[in-house]
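Working notes, beginning with the structure itself.
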Amino acid sequence: MDRAPFTLPLPGGRILALGPRTLVMGILNVTPDSFSDGGDHLDPEVAVAAGLAMAEAGADLLDVGGESTRPGAAPVDPAEEQARVLPVIEALVRESGVPVSVDTRHGETAQAALRAGASLVNDVSALAAPPPGAAAARAGAPAIRPHMRGTPADMRDRATYRDLMGEVAAELSEAMARARAVGIAEDRMVLDPGIGFAKTAEQSLETIRRLPELAALGRPILVGPSRKSFLASIEDVPPRERLHLTLGAVLACAANGAHIVRVHDVRPVVQALRAFEAAV
């Protein structure tokens, strides 16, 4: 396991140390239509309770999203997205004690979330206007850039590669250049190879196997394999029954250098990583 160390500056002077172990980001979808937990946390009080439970279970970060990015998902108006996420972000910032990220492709939502106390922007915009990254730059907040082609509506049609990881790395490098162009400092960039985003099941598995190749980009790597459909190619079970498959994928990500894993089931992932990292 070869994981380069990084320090990630957060707004307010906090520092996130990346490298000594794989950190766990808890997924909190405040949506009616996310692929595995849509509707579970649409009520703000339920969402806040779930986020606090994740923090108690050992989550190092919480990622709050109000618009599904599953293949074929319908777009959400930014005003509706903000009505979903802002009360949850405000409460979690106040009560959880862990950094909160906003998962969005809308610059207006990113800006509002940062004002509400979010520390990171998980920018799934594919450079929409205004880009979430610009809001992150103004706030001095880190931006997570997943690899993605197209939009949730058409990304399945774009999963064509001659050299999967060569193209993913090149497109992430281009994303870094665009991030610099909107003012994001390089020490505030986190890269995500985009498991399931414009990738078939086999391509997603190959991406995990070849994660070490992304080290050449010189930035920390976040991977989100949790409950995703590529796991059904191993055992065809519904998303909520993919915990053990997710655990296997998470440990493969950690072994291949992931700095952060983004997951739904925080406690079992934290426990599995503790055992794994104690033994390697």
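The values are calculated or read from the model by the stated rules, or taken from the named source; none is laboratory data. Treat the numbers as computed from the prediction; the structure is a model and nothing was measured. Positions of Cβ are generated from backbone atoms using ideal geometry, with glycine treated the same way; all protein chains shown enter the neighbour counts.
Quick notes on this one:
- Unique residue being under 19 Å from LEU61 (Cβ atoms), small (Gly, Ala, Ser) and surrounded by 15 or more Cβ atoms within 10 Å (Cβ to Cβ) when the list is GLY224, GLY196: GLY224
- Check on VAL190, crowded, with 20+ Cβ neighbours inside 10 Å and assigned to a strand (DSSP E or B): yes
- One residue alone among ALA179, ALA232, ALA198, ALA216 is touching a helix residue (DSSP H, G or I) at 6+ places or on another chain (Cβ under 8 Å), assigned to a loop (DSSP other than H, G, I, E, B) and among the small types (Gly, Ala, Ser), and that residue is ALA198.
- Where a residue in the range 40-69 is in contact (Cβ under 8 Å) with a residue 12 or more places away in the chain and more than 11 Å from LEU28 (Cα to Cα) and its partner, wherever it lies, is surrounded by fewer than 23 Cβ atoms within 10 Å (Cβ to Cβ) and of a type in the set (Lys, Arg), with Cβ under 7 Å and at least six apart: ALA57/ARG267; GLY58/ARG267
- Filtered residue count, the range 253-269, keeping only those that are among the hydrophobic types (A, V, I, L, M, F, W, C) and either at pLDDT below 95 or not in a helix (DSSP H, G or I) (or both): 4
- Leading residue by the ranking (surrounded by the most Cβ atoms within 10 Å (Cβ to Cβ)) among those in the range 21-57 that are modelled with pLDDT of 95 or more, assigned to a loop (DSSP other than H, G, I, E, B) and not small (Gly, Ala, Ser): THR22
- Residues that are modelled with pLDDT of 95 or more and surrounded by fewer than 18 Cβ atoms within 10 Å (Cβ to Cβ), drawn from the range 151-170: TYR161, ARG162, ASP163, GLY166, GLU167, ALA170
- Residue count for the range 101-115, restricted to those that are of a type in the set (D, E, K, R) and part of a loop (DSSP other than H, G, I, E, B): 1
Each row is one residue, and each column tells you yes or no for (1) closer than 23 Å to THR7 by Cβ; (2) free of Cβ contacts under 8 Å to residues at least 40 places away in the same chain; (3) among the β-branched types (Val, Ile, Thr); (4) out of contact with any Asp or Glu (no Cβ under 6 Å at 6 or more places or on another chain).
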residue	(1), (2), (3), (4)
ARG162	no, yes, no, yes
VAL182	yes, no, yes, yes
GLU186	yes, yes, no, yes
SER204	no, yes, no, yes
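- Pairs with Cβ under 6 Å, 6+ apart, first in the range 4-22 and of a type in the set (Gly, Ala, Ser), second modelled with pLDDT of 95 or more and assigned to a loop (DSSP other than H, G, I, E, B): GLY19/PRO5
- Considered as a group, the residues in the range 58-81 that are within 21 Å of GLY196 (Cα to Cα) and modelled with pLDDT of 85 or more include one that is surrounded by the fewest Cβ atoms within 10 Å (Cβ to Cβ), and that residue is VAL76.
- When we screen ARG227, ARG178 for residues that are in contact with an Asp or Glu (Cβ under 9 Å, 6 or more places away or on another chain) and either charged (D, E, K, R) or at pLDDT below 90 (or both), the only hit is ARG227.
- Selection within the range 77-104 - closer than 20 Å to LEU10 by Cα, touching a residue at least 24 places away in the same chain (Cβ under 8 Å) and of a type outside the set (Val, Ile, Thr): LEU86, GLU90, ALA91, LEU92, GLU95, SER96, GLY97, PRO99, SER101, ASP103
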